[in-house]
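The values are calculated or read from the model by the stated rules, or taken from the named source; none is laboratory data. Bear in mind the structure is a predicted one, so any value in this text is a computation, not a measurement. Using ideal geometry, Cβ is built from the backbone for each residue, glycine included, and neighbour counts are taken over all protein chains shown. Each accessible area value is taken on the protein alone, full model and side chains, heavy atoms only, with ligands, DNA and RNA left out. Shrake-Rupley method; radii C 1.70, N 1.55, O 1.52, S 1.80 Å.
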Amino acid sequence: MKNIFLPFIAMAVLSCSTPRTVDLVLYNATIYKVDSTFSTAAAMAVDSGKIVAVGSNSEIRKAFQGKVEKNLPVVEPMRHR
């Protein structure tokens, strides 16, 4: 019965810890997820060439510290004359 609280304690300790260091954090992006609704996310973390997390800017920047962090600028579409 005591072990039922172990996952909750671990989650609380991990959520208070320092951000995990990864190779790359991209934020302020439009990332299309391949799910049933092709939903979007604004940020992702990449480590050792693999995407380790996708989520909102605040979620990813709180959980991960990138060796390289890229703020992707908004690119205005080219207007033809």
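Using DSSP, restrict attention to beta bridges with both residues in the stretch 15-70 and report what percent are antiparallel, rounded to the nearest 5.
60 percent
Packing-based ranking of 34-40, 63-69, 22-28, 47-53 yields 22-28, 63-69, 47-53, 34-40, ordered from highest to lowest mean Cβ neighbour count within 10 Å. At a 1.4 Å probe, what is the % contribution of carbon and sulfur to the accessible area of the stretch 26-65? For the stretch 26-65, the apolar C and S fraction of the accessible surface comes to 53 percent. Taking amide H as placed 1.01 Å from N in the peptide plane, D23 has its amide H under 5 Å from the amide H of V46, D47, S48, K67, each at least 5 places away in sequence or on another chain.
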